[in-house]
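Asker: Have a look at this one.
What follows is calculated from the coordinates using simple rules that are stated; it is not laboratory data. The structure displayed is predicted, hence computed values, not measured ones. Don't worry about glycine lacking a Cβ; one is built from the backbone with ideal geometry, like all the others, and counts go over all protein chains shown.
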Amino acid sequence: MVKNKLSVVLATRNEEKNIGSCLESVRQLADEIIVVDEVSTDKTREIAQKYGAKVFTVKHNEIFHKTKQIALDKATGDWILQLDADEKVTRELAGEIKKVIELSGSQVTKYQNTQKSKLSKLYKLFSKHQKLIVKREGKLGTKNGEVVAYFIPRLNYFLGTPLKYAGTYPDGVIRLIKRGKARFPCKSVHELMEVDGKVTWLYNNLEHHDSPTFYRYLQRANRYTDLIAKELKKSDIPANLLFLIHYSFSKPAFVFLNLYFRHKGFLDGMRGFVWSLFSALRLPIAYFKYWQLEKK
């Protein structure tokens, strides 16, 4: 039996603090590593090259998913694992990926049925999460046919420790795909891949270390609210007192209460409170930025 080749692809920009640990986590998994870098001014490209990555340099694009799509297009493997530089593949996830990319269609079905039975609570959680995504997106792949893409559950680390509540888990992301069967629409901030085929789940976690310090969190939040402000402008949201009040009080209050109480953010202690609070505060900050753009 011929082994299926796996390409690991990343889009990067000034990720010297993260990319080494990310690539170390896939050193024994990847047959090929592709890094498309947006003209980093640090040592991102040099570190990637030390891990044997094929490194390409492109101009910075505000829609970062366009750079991610370039990385997908350069992959030559039968399967592609798309990662961000601040993510790490656990040993358990690496083993699961190695297994599923070698399974035939009937074997995939058998494997999924076994996982559903063994990990019924996780399956119910993942299924609920996927239904919410379908409701938001309108469509997600096909119900039948060949499995060509996998959701991977992300365990988000906040201030050095994983968050387990406040709506942060499973944070399913489509990352393992069959080459040519999925793509980024490249239209918005946090968009889902479009998939030509059936999508299912892997059951082991991908670690996400995007906010090791509060300073790092605020840096990322600042960039994210910039993008939200631009989306508000594209959507032609009114810039008036009524909407200012709505985005300053009612919407953030709903988000905070939803994350902290309904999704049990209080069980994550102080970090759960901070996460819930600042997730809610993104809305008024983004609206203030949008207001400023409109007034200019």
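Asker: May I ask which residue of Ser127, Thr12, Gly272 lies farthest towards the positive end of the charge dipole of the chain, with charges of +1 (Lys, Arg) and -1 (Asp, Glu) on Cβ and the Cα centre as origin?
Answerer: Ser127
Asker: Show the residues, 5+ positions off or on another chain, whose built amide H is closer than 5 Å to the amide H of Lys5.
Answerer: Answer set, sorted by chain and number: Asp78, Trp79.
Asker: Still on this structure, I have one more. Could you work out the local net charge near Phe64, counting Lys and Arg as +1, Asp and Glu as -1, over the other residues with Cβ closer than 9 Å to its Cβ?
Answerer: Net local charge, Phe64 excluded: +1.
Asker: Which whole-number percent is the relative contact order of the chain (Cα, under 8 Å, 6+ apart)?
Answerer: Once divided by the residue count of the chain, the mean separation gives 17 percent.
Asker: Continuing with the same structure: Can you give the % of DSSP beta bridges in the chain that are antiparallel, to the nearest 5?
Answerer: Close to 35 percent.
Asker: Now a separate question. In debye, nearest 20, what is the charge dipole magnitude of the chain about its Cα centre with +1 on Lys and Arg Cβ and -1 on Asp and Glu Cβ, if you could check?
Answerer: Rounded to the nearest 20 debye, it is 760 debye.
Asker: Helix-only estimate, please: 222 nm mean residue ellipticity of the chain, summing -39500 (n - 2.57) across DSSP H runs of length 4 or more and dividing by its residues, to the nearest 500.
Answerer: -13500 deg cm²/dmol
Asker: Which whole-number percentage describes the relative contact order of segment 73-185, with Cα contacts under 8 Å and a sequence gap of 6 or more?
Answerer: For segment 73-185, the relative contact order is 35 percent.
Asker: Could you tell me whether segment 227-296 comes out rounded, prolate or oblate from its Cα gyration tensor? Rule is a ≥ b ≥ c as square roots of the eigenvalues, rounded for a/c under 1.5, then prolate if a/b exceeds b/c, otherwise oblate.
Answerer: prolate
Asker: Hey, another quick one. If Rh is defined by the Kirkwood formula over all Cα pairs and Rg also comes from Cα, what ratio Rg/Rh do you get for segment 175-272?
Answerer: Radius of gyration over Kirkwood radius for segment 175-272 works out to 1.03.
Asker: Which values of log₁₀ I(q)/I(0), to two decimal places, follow from the Debye formula for segment 131-177 at q = 0.19, 0.27 Å⁻¹ with a uniform point scatterer at every Cα?
Answerer: Computed log10 I(q)/I(0) values: -0.74, -1.06.
Asker: Quote the charge dipole size of segment 214-295 about the Cα centre in Debye, to the nearest 20; the model charges only the Cβ of Lys and Arg (+1) and of Asp and Glu (-1).
Answerer: That gives a dipole near 200 debye.
Asker: Using the per-residue mean of other Cβ atoms lying within 10 Å as a proxy for protection, in what order, highest first, do the peptides 55-64, 6-15 fall?
Answerer: 6-15, 55-64
Asker: Which number do you get for Rg(Cα) / (2.2 N^0.38 Å) in segment 6-211?
Answerer: Scaled against compact globular proteins, the figure is 0.99.
Asker: List the residues whose amide H sits under 5 Å from the amide H of Trp201, counting only those 5 or more places along or on another chain, with H placed 1.01 Å from N in the peptide plane.
Answerer: For Trp201, the qualifying residues are Phe151.
Asker: With label points built 7 Å along Cα→Cβ from the Cα atoms of Cys186 and Lys3, find their separation and express it in nm.
Answerer: Using points 7 Å along Cα→Cβ, the separation is 3.3 nm.
Asker: What net charge is computed for the residues neighbouring Lys88, neighbours being all others with C-beta under 9 Å from the C-beta of Lys88, Lys and Arg scored +1, Asp and Glu -1?
Answerer: Residues near Lys88 contribute -4 overall.
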